[in-house]
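The next block holds one structure in the form of structure tokens; read it before the comments.
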Protein chains: 2
Amino acid sequence: MHDDSISEPPPLEPGTLRVIPLGGLGEVGRNMTVFEIDGKLLIVDAGVLFPEETQPGVDLILPDFEPIRQRLGDVVGIVLTHGHEDHIGAVPYLLKIREDIPLIGSSLTLALIEAKLKEHRIKPYSLTVAEGQVEKLGPFELEFVAVNHSIPDALAVAIKTSAGVVLHTGDFKMDQLPLDNRLTDLRAFARLGEVGVDLFLVDSTNADVPGFTPLERSIGPVLEQVIGAAPRRVIVASFSSHVHRVQQVLDAAAAHGRKVALIGRSMVRNMGIAAELGYLKVPEGVLIDAKRATDIPDDQIVYMSTGSQGEPMAVLARMANLEHQIEVGEGDTVILASSLIPGNENAVYRVINGLTKLGATVVHKGNAKVHVSGHAAAGELLYTYNILKPRNVMPVHGEYRHLYANAKLARDTGVPEKNVIVGGNGTVVDLRDHVAKVVGQIDIGMVYVDGSSVGEISDADLKDRRVLAEEGFISIFTVVDTSTGRIVVGPEVHARGFAPDEKIFDEVIPKIRQALTEAAENGTRDTHALSQIVRRTVGRWVNTKHRRRPMIVPIVIEG
Amino acid sequence: MHDDSISEPPPLEPGTLRVIPLGGLGEVGRNMTVFEIDGKLLIVDAGVLFPEETQPGVDLILPDFEPIRQRLGDVVGIVLTHGHEDHIGAVPYLLKIREDIPLIGSSLTLALIEAKLKEHRIKPYSLTVAEGQVEKLGPFELEFVAVNHSIPDALAVAIKTSAGVVLHTGDFKMDQLPLDNRLTDLRAFARLGEVGVDLFLVDSTNADVPGFTPLERSIGPVLEQVIGAAPRRVIVASFSSHVHRVQQVLDAAAAHGRKVALIGRSMVRNMGIAAELGYLKVPEGVLIDAKRATDIPDDQIVYMSTGSQGEPMAVLARMANLEHQIEVGEGDTVILASSLIPGNENAVYRVINGLTKLGATVVHKGNAKVHVSGHAAAGELLYTYNILKPRNVMPVHGEYRHLYANAKLARDTGVPEKNVIVGGNGTVVDLRDHVAKVVGQIDIGMVYVDGSSVGEISDADLKDRRVLAEEGFISIFTVVDTSTGRIVVGPEVHARGFAPDEKIFDEVIPKIRQALTEAAENGTRDTHALSQIVRRTVGRWVNTKHRRRPMIVPIVIEG
């Protein structure tokens, strides 16, 4: 049972390592962990979280930088474990505060963040590292360990300090036949474990999934079969950073003599980077420019697109609404080679229904094996615990159901219960003499990005938005002569999202007028007090008469 | 490919049967089909649809009664196939228009709708029927056929007319070892098929699920095992009408010497009805009043509740937020013995995370076999087609992906392609001389219930609500002397859901003032034209300066 009541941590003693997750615990996204020892800070990842339906209008959610805002001068670097948005997406916002924090990551990871930073007109300091490499940054000695994930070139990082050794997995799984033959390096895990890992921060995303994640290469034959049997065009949608998934689409297309056109800005950009760096191996002559695709006969083309989550503005949703230049029709085959992220179901099914109605055959993970996860399932995590034998464990990356499931796996493999820490964002853990313990809990907020505003939108604004969404609003404007209390203008009643016909307010206007007149007769002159009277009058009417609770916005001003 | 462009159907000729689905095609819910021959109408089901996240604030969606509103006097009856909300929920709204339309259904179905109508103070005319029974209503001869579903006492209905025979399955599956031994009557299907079924309207909900729905009774041993191993309290959540699921919980509790308390108003009401009518067999002494439950030791009680879909006001969500008198804690076990309806994922996971954080073990269909569907999967539908050999098929009950999958199963079993009709709501199908064909498409709207309003909220209001939800609103109130064009009061700028500090509007107020003054100088006096000027001024500012698009509500009035 996790207790997240706020309690100030003690001052940090020299020689003690402090670990504070600023995001990614109790949620899937905005992963960020801060390590501090002897006055210096190291950050691992700085990602974004995508909003839920209860956070309307929010574009992104950032980790809360507040606890380290005054300490950014002491940060020796940001280690980026891999190039997914939930691990790198907040870097531009952090560098806008201090631009010269060095970024440390693998070659693909840095190429992806650099392309992103370019859009923000930031050129970062960066240090490219590879598995096996050791780097010293102030009091931190970093050793990088290859891990397998749904994007190439992912790294775990061992952080060695005078206080002990931490291993942070980043996101990982243990595909034993990965497409690039780059395995999660269990030999390195074994070696680190033999020396002794004091604190293990481990990906929990699939900890509640029994068994093992299937091989990425098990998808290839399914893609080959579907593409081989397709009578007309094939459109495949997936994540724009999933190099190995795209690789398998290219290979399957090549096997059946089809050309592939990449569509969607991020798909084109990321695959360009991946091909240039050698992570994507494009079969000779297979890739063609999307502009040329219409010259190719329908049974010789594959479109590789984004939009697998039903995002309304992405290519696939526009195709389903016939709003894209590629007009999907009878005989076309659409493959959603992707997961279905919780919360996106209705949007994805809307796209599938739209495409089906246009006559396309839609293949997705619900009816074919066209997706595998990028995260270690429970069976793989057990291997990890057994080979590592960590002294202390803190599950990271996941909602509480994932963190608790992961904690149970740690205990099942023999990690003593007291050494398994289920924390949340802001849980302060100190490590010293092989002992890790919770020493405090600091307050961590949600930092909402909306348009060009960062952190301005509050939870109260979101609550207002939810009320507006549920019931709309009624605004009542009145100008009152405060010397006499007489109504000079109004009451003007307007509403949006509430009722199609504002005539229904004819009934309440006399009530407002009467209430204000009575208040004036009783000597009330304060506009705030008068506006509360308007609120109560309208609220009572709408509630009894219409059984609804729209937002009521009464404005009374002096005139 | 389904074409839903509107086209007026021809006048109905005597001796021809017309079939019009008013809801349930292209959606999961608000099932309702109208049959007409020789001037008389028969309705099968009148259910509600639950709103999606794109329909904020909507309580329910009704079938569109408009096409039959003027014909209700000719309706001979409403057949209710079973007691689920998506088949009976719209009946009160229909009876509010004509109260004496007879309801025809099985004993449990009628008991459930009568309890519902009582809340609306309607006492209906009703006719209780059972499987095997034949009833004549005007030109329609109805034969009722037992079907198995996730609620007892469900019926399919064969509608025999001079134009031919229709079989409507309602919702069904083909559990071969149902708890109540009441099988879907394939002998009756065979007999009807031998005589000849001209049009088969068949449940599509699980048509895209390969294979067979597992047995309901396969859940029993899992419930027994979990309840047997639970150290403290057990809380089971499911649908309040799932009599057989509750039966299995009662039996498992009894097997382990536990008492069961029903909680949640609909659970108590429905199980009371089911027990009274003999559908729920309560083991001696097992059920206790919820008020007495706290007297029972923690390891001897099971709470049976609602809220399995994460509904915020239901018992389970309140428990997860510690807002219910039953305080969930360490050692408690919660079982979600239910499906996860698309769109509810985040709400359900919020509840699971909350309960996990409180220390409870949460068992759900993601980690244990505690749910089976109530609908026939593809394998079962194939049996149905083969035993029935219908002349014409129209899949009903489902989104387009379901309807198309079902249509394919029909074709796979040999129904000629031209005899398989994939239609939508409002598709008009005429049957005569064993031939069913689409003769028109009428317009079917969404009828939203919000509070006490029915059909008042329009799609435009919902669009307003979505804009308000995304970005909030800015209202600008100005009183202008229309003789001079001079601003008398304002501009008063207010916003909700947009920004926490209204000071940001200090910047735009002079711009509004200037724009209105310039307009006045150019002789503009019309308040509507002036309000458009305000809209453009504020819109341009908020868009360039803040990159956002809130709703802008400019109000300019004469003063």
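The values are calculated or read from the model by the stated rules, or taken from the named source; none is laboratory data. Note that the coordinates shown come from a computational prediction; the quantities given were computed from them, not determined experimentally. Reconstructed Cβ throughout: ideal geometry from the backbone, glycine too, with neighbour counts over all protein chains shown. Keep in mind that these areas ignore ligands, DNA and RNA; they rest on the heavy atoms of the full protein, side chains included. Shrake-Rupley method; radii C 1.70, N 1.55, O 1.52, S 1.80 Å.
Can you pick out the pairs among B:K136/B:K173; B:K40/B:K160; A:K136/A:K389 whose Cα atoms lie more than 18 Å from each other? Flagged as over cut-off: B:K136/B:K173; A:K136/A:K389. Using only Cα atoms and rounding to the nearest 10 degrees, what angle (0 to 90) does helix A:527-546 make with the longest principal axis of chain A? So the inclination is approximately 80 degrees. How big is the dipole moment of region B:216-364 about its Cα centre under a simple scheme where the beta carbon of each Lys and Arg is +1, that of each Asp and Glu is -1, and everything else is neutral? Debye, nearest 20, please. That gives region B:216-364 a dipole magnitude of about 180 debye. Of all DSSP bridge pairs formed entirely within chain A, close to 55 percent run antiparallel. Which log10 I(q)/I(0) values, to two decimals, does region B:184-271 give at q = 0.14 Å⁻¹ under the Debye formula with one point per Cα? The computed values of log10 I(q)/I(0) come out as -0.71. Convert 37 °C to kelvin, take the viscosity as 0.692 mPa s, use the Kirkwood radius over C-alpha pairs of region B:216-364 as Rh, and evaluate the Stokes-Einstein diffusion coefficient in µm²/s, rounded to a whole number. Estimated via Stokes-Einstein, D reaches 218 µm²/s. Seen against the Cα atoms of chain B and their longest principal axis, helix B:219-229 is set at about 80 degrees. Model label sites at A:L12 and B:R191, defined 7 Å from Cα along the beta-carbon direction, differ in position by 8.1 nm.
Strictly greater than 19 Å: what percent of every Cα pair in region B:459-558 meets that?
Summing the P(r) of region B:459-558 above 19 Å gives 40 percent of all pairs.
Toward the positive end of the charge dipole of chain B, about the Cα centre and with charges on Cβ (Lys, Arg +1; Asp, Glu -1), which of B:I335, B:T128, B:G374 goes farthest? Toward the positive end, the furthest listed residue is B:I335. Annotation: lysines with alpha-carbon distance below 19 angstrom to A:K291 (same-chain offsets under eight excluded): A:K259. Based on Cα contacts under 8 Å between residues 6+ apart, region A:216-361 shows a relative contact order of 30 percent.
Starting from the 7 Å offset along Cα-to-Cβ, what nm value, one decimal, do you get for the label separation of A:R549 and B:E114? With each label point 7 Å from Cα toward Cβ, the separation is 3.5 nm. Placing +1 on the Cβ of every Lys and Arg and -1 on the Cβ of every Asp and Glu, with nothing else charged, gives region B:459-558 a dipole about its Cα centre of roughly 380 debye. Dipole magnitude for the protein assembly as shown: computed about the Cα centre from +1 point charges on Lys and Arg Cβ and -1 point charges on Asp and Glu Cβ, it is near 120 debye. Distances between copies of A:R535, taken at a point 7 Å out from Cα along the Cα→Cβ vector and listed shortest first: 2.9 nm. The other copies place their B:S162 label points at 10.2 nm from this one, listed shortest first, where each point is 7 Å from Cα along Cα→Cβ. Taking only alpha carbon atoms, region B:36-153 gives an Rg to Rh ratio of 0.97, where Rh is the Kirkwood radius. Overall, the ratio between the Cα radius of gyration of chain A and 2.2 N^0.38 Å, rounded to two decimals, is 1.16. Each Cα pair under 8 Å and six or more residues apart adds its sequence gap; the mean of these over the residue count of region B:280-374 is a relative contact order of 26 percent.
How high is the relative contact order of region A:459-558, in percent, with contacts defined as C-alpha pairs under 8 Å that are six or more residues apart?
For region A:459-558, the relative contact order is 38 percent.
The overall shape of region B:97-255 is oblate: from the C-alpha gyration tensor, with semi-axes ordered a ≥ b ≥ c, the ratio a/c is 1.5 or greater and a/b is no larger than b/c.
Calculated FRET efficiency, B:A130 to A:A460, Cβ-Cβ distance, R0 = 45 Å: about 0.20 to the nearest 0.05.
To the nearest 100 Å², how much accessible surface do chains A and B hide from each other in total, with a 1.4 Å probe?
5600
Quick check: net charge around B:P214, other residues with Cβ under 11 Å of its Cβ, Lys/Arg +1 and Asp/Glu -1? For residues surrounding B:P214, the net value is +1.
Helix A:265-276 and the longest principal axis of the C-alpha atoms of chain A enclose an angle of approximately 20°. To put it simply, the accessible area of region A:439-557 at a 1.4 Å probe is 47 percent carbon and sulfur.
Scaling against 2.2 N^0.38 Å puts the C-alpha radius of gyration of the protein assembly as shown at 1.01. Any idea which of A:V302, A:L280, A:A253 is furthest toward the positive side of the dipole for region A:239-326, if Lys and Arg beta-carbons carry +1 and Asp and Glu beta-carbons -1? Looking along the dipole axis, the top candidate is A:L280. Taking A:K545 as the anchor, which lysines have their alpha carbon closer than 29 Å to its alpha carbon, excluding any fewer than eight residues away along the same chain? The reachable lysines, counting only those whose Cα sits under 29 Å from A:K545, are A:K463, A:K503, A:K511, B:K96, B:K116, B:K118, B:K123, B:K463.
Inter-copy label distances at A:K463, 7 Å along the Cα→beta-carbon direction, one decimal in nm, shortest first? Those label-point separations list as 3.2 nm.
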